[in-house]
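Student: Structure below; questions to follow.
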Ligand code: DCP
Ligand code: MG
């Protein structure tokens, strides 16, 4: 529900891991604006302001009420002068002129278009833009540009994978992966993670953790699953990364660092007949299938809880790491938790163990949409 009397704002933490954030966003008009500002700063390689706008958006997403005047925002954390100005503009005029200027800017539009291709990040998009390329056909017609495998499949399946994946489709993919995993290893563990674990209705991909109770057998399980999907003829693209995990290494200081477990980035062919309540676009209706992005990660089972917490994602997970470092002198990442004071690793079999080690109240996955 949306209450009109704001709860005391002084109790809102600067850390997303100390806030409960459901998928119901009562401040979408503001957070959409902040997201555009964050992205535009990202395109201009300005990490500081980009992060500031992302944190500001995250704070507003956690509020059980809608911001209706500027006064209530004064006591909220992570809202700087610039964010306040944007809120004020929106409160007054129903929109932000600064955001509208960005949205109508050619460079922003083109970089947004290029980065919407699987395998194309801000750096590549910027390089293409600087070379004077302005459309997909410009890029594809440019002989000096070499697309890597990921980008080639990104263009090939662009229409399908740029369209959101529904919960029913995620469920159908879960069934396919479940069948494959358990045909290979009957006692294998398969868990849906990412945005769908947080209760989102739509996602850009579907993320799963795949492991086995037998320590050391997890990597072989993943490669066998990939082989099986290939034989079923539903593997449209696969980038496999072997494990580079070293258990003696301390958790990474970097917030955005990828983990070292065996993983794969896939594009799978999903039949309409496998999806409950089925049909999508007119073209897919005719074709009878769509392409979907799927990520699988395969940690050793004793690292399962860290991986699950990490891959459940959102700003929540970034702030867990920051909280651990800043408030507890601990290092957390997708592999482990390390106490710098005691100079020892802290083991965990469940997410609750990790929250307990950090002295944090447990927050359910569906409350982690920060
Ligand atoms: N992740 C990771 N290492 C990777 C890929 C992902 O640690 N190589 C983590 C970071 C994300 C989480 O997994 O926090 C899920 O990633 P997504 O990009 O799929 O994000 P969501 O699932 O939250 O959103 P979406 O609905 O866009 O898929
Ligand atoms: Mg995802």
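The values are calculated or read from the model by the stated rules, or taken from the named source; none is laboratory data. What you see is a predicted model; the values in this text were computed from it and never measured. Cβ atoms come from the backbone with ideal geometry, glycine included; neighbour counts cover every protein chain shown.
Student: Cβ contacts < 6 Å: first residue over 21 Å from residue 190 (Cα atoms), restricted to the stretch 308-328; second residue more than 16 Å from ligand 2 (Cβ to nearest atom) and at pLDDT below 95, any location; separation 6+ or different chain. Result?
Tutor: Listed by first residue and then by second, the contacts come to 318/255; 321/255.
Student: I've got another one for you. Looking only at the stretch 202-217, which residues are away from ligand 1 (no atom under 11 Å from the Cβ) and in contact with a helix residue (DSSP H, G or I) (Cβ under 7 Å, 6 or more places away or on another chain)?
Tutor: Selection gives 210, 211, 212, 213, 215.
Student: Of these, 252, 298, 243, which one is within 14 Å of ligand 1 (Cβ to nearest atom), farther than 19 Å from residue 174 by Cβ and in contact (Cβ under 8 Å) with a residue 60 or more places away in the chain?
Tutor: Testing whether each residue is within 14 Å of ligand 1 (Cβ to nearest atom), farther than 19 Å from residue 174 by Cβ and in contact (Cβ under 8 Å) with a residue 60 or more places away in the chain leaves just 252.
Student: Could you please find all residues in the stretch 158-201 being in a loop (DSSP other than H, G, I, E, B) and within 16 Å of ligand 1 (Cβ to nearest atom)?
Tutor: Residues satisfying the conditions are 162, 163, 164, 198, 199, 200, 201.
Student: Name the single residue that is surrounded by the most Cβ atoms within 10 Å (Cβ to Cβ) among those in the stretch 259-276 being within 16 Å of ligand 1 (Cβ to nearest atom) and in contact (Cβ under 8 Å) with a residue 60 or more places away in the chain. Please lay out each step first, then the result.
Tutor: Step one: list which residues in the stretch 259-276 are within 16 Å of ligand 1 (Cβ to nearest atom), which gives 259-268, 270.
Now drop any that are not in contact (Cβ under 8 Å) with a residue 60 or more places away in the chain, which leaves 259-261, 265, 267-268, 270.
Working: 259: 20, 260: 19, 261: 26, 265: 18, 267: 23, 268: 21, 270: 24.
Checked the stretch 259-276; the qualifying residue surrounded by the most Cβ atoms within 10 Å (Cβ to Cβ) is 261.
Student: Out of all the residues in the stretch 1-29, which are farther than 20 Å from residue 317 by Cα and either modelled with pLDDT of 95 or more or in contact with a helix residue (DSSP H, G or I) (Cβ under 7 Å, 6 or more places away or on another chain) (or both)?
Tutor: Across the stretch 1-29, the qualifying residues are 6, 9, 10, 26, 27, 28, 29.
Student: Does any residue of the stretch 213-229 turn out to be assigned to a loop (DSSP other than H, G, I, E, B) and within 10 Å of ligand 2 (Cβ to nearest atom)?
Tutor: Here is the first cut: in the stretch 213-229, the ones assigned to a loop (DSSP other than H, G, I, E, B) are 213-217.
Still in the list and also within 10 Å of ligand 2 (Cβ to nearest atom): none.
There is no residue in the stretch 213-229 that is assigned to a loop (DSSP other than H, G, I, E, B) and within 10 Å of ligand 2 (Cβ to nearest atom).
Student: So which residues in the stretch 338-360 are touching a strand residue (DSSP E or B) at 6+ places or on another chain (Cβ under 7 Å) and closer than 18 Å to residue 193 by Cβ, if there are any at all?
Tutor: Result: 348, 354.
Student: How do the pairs read when you match residues in the stretch 330-343 that are closer than 14 Å to residue 252 by Cβ and touching a residue at least 40 places away in the same chain (Cβ under 8 Å) with residues anywhere that are part of a loop (DSSP other than H, G, I, E, B) and more than 14 Å from ligand 1 (Cβ to nearest atom), using Cβ under 6 Å and keeping only pairs 6 or more apart or on different chains?
Tutor: 331/250; 337/346; 338/250
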